[in-house]
Amino acid sequence: MLRIGVDLGGTNIAAGLVDEEYRILDRASVKTNVPRPAESIIADIARLVKLLCERNNVGGGELEVVGVGVPGTINEDTGYVEYSNNIRFENVPFIKLLGDMVDVPVRFGNDANVAALGEYLAGGHNVKSFVMITIGTGIGSGIILDGKLIKGINFAASELGHTVIKMGGEQCTCGRKGCFEAYASATALIRDTRRVLSKSDNEAAHSAIWQLCGGDPEKVEAKQVFDAVKLDDKLAKELFLNYTEYLAEGIANIINILQPELICIGGGVSKAGELLLLPVREKVAGKIFSKNSARNTKIELARLDNDAGIIGAAML
Ligand SMILES: [Zn+2]
């Protein structure tokens with residue numbers, strides 16, 4: 001049997017035809033183009049489903065399910081997307097609308113949970129307990145224990161990015177202050193870098209970051225900080241040290257609660273690779289409660305990149 005997985009993002013709607021071995025046989029995408037009515041976005045998902053079926057001669061009965069990863073809060077009991085800031089959905093009867101258009105069973109899940117499921121199933125990690133954190137604009141996360149996604153009573157569980165690591169700290173998008181996300185997302189690193197560059201003192205002006213962003217703090221990207229670290233830039237190394245400390249605080253909290261076999265780091269920031277992982281592993285090892293245990297949680301990079309969202313959605 002074949003399945004179609006859809007990664008509904010704020011920028012693109014990406015769909016893939018997935019087989020039982022988690023391979024993406026074909027893919028298609030369109031721009032999300034928000035804001036526009038939910039019905040119009042859902043109609044585009046249905047068009048992608050039809051296109052993939054036609055192009056691959058998938059007839060009636062051969063397609064088992066269409067799964068969609070949605071960036072927001074979903075309710076599996078009602079079939080509604082309750083809220084999504086990214087795609088501007090509010091109380092949308094998603095399962096009914098898409099189900100009527102595609103005539104195949106439709107499932108949906110939170111995008112971070114879905115990406116975790118995809119990475120867990122198809123990333124070749126071979127573990128039973130698994131946490132994925134996706135670090136980009138925010139911090140998304142998904143928890144899988146004994147092969148099951150942890151969803152909570154209201155499908156809003158595993159928001160690890162919104163656990164506080166510094167009470168009264170930086171303002172977070174969720175309304176609280178001092179969240180893990182407000183310190184360890186790419187957005188947080190960029191904010192901290194801009195603050196330092198805006199001091200316009202001698203050190204900032206001579207920093208490699210200053211050159212990489214063309215002398216405009218508004219154009220700073222997380223990657224530039226990592227690139228400047230590789231150039232042995234003093235300011236970048238200070239920012240990086242600080243950033244990895246926050247990241248390690250959040251990861252140590254996750255380990256202390258769940259003790260999973262593996263924590264995978266994905267998202268744009270994970271492209272820094274071992275440069276990031278080496279100091280984070282070292283700092284985490286010193287912070288966890290189980291530091292004297294013979295066996296501890298491994299911290300690795302995610303392997304599937306954006307495909308995790310498509311594969312995970314297909315496998316819902
Ligand atoms: Zn928060």
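Things worth noting here:
- Restricting Ile153, Ile139 to residues that are among the β-branched types (Val, Ile, Thr), under 25 Å from Ile87 (Cα atoms) and more than 16 Å from the ligand (Cβ to nearest atom) narrows the list to Ile153.
- The strands (runs of 3 or more DSSP E) found wholly in segment 78-131 and carrying at least 1 residues that are acidic (Asp, Glu) occupy 80-84, 89-92.
- Residue match in segment 32-45 (condition: in a strand (DSSP E or B), open to solvent by 10 Å² or more (accessible area, probe 1.4 Å) and out of contact with any Pro (no Cβ under 7 Å at 6 or more places or on another chain)): no
- Restricting attention to segment 291-315, the residues being surrounded by fewer than 14 Cβ atoms within 10 Å (Cβ to Cβ) and over 30 Å from Gly67 (Cα atoms) number 5.
- Residue selected from segment 167-214 under the condition among the polar types (S, T, N, Q), assigned to a loop (DSSP other than H, G, I, E, B) and open to solvent by less than 30 Å² (accessible area, probe 1.4 Å), by the criterion nearest to the ligand (Cβ to nearest atom): Ser185
The values are calculated or read from the model by the stated rules, or taken from the named source; none is laboratory data. Since the model is a prediction, treat every value here as computed from it, not as a measurement. So basically every Cβ, Gly included, is an ideal-geometry build from the backbone, and we count neighbours across all protein chains shown. The area values use the complete protein model at the heavy-atom level, side chains included, leaving out ligands, DNA and RNA. Shrake-Rupley method; radii C 1.70, N 1.55, O 1.52, S 1.80 Å.
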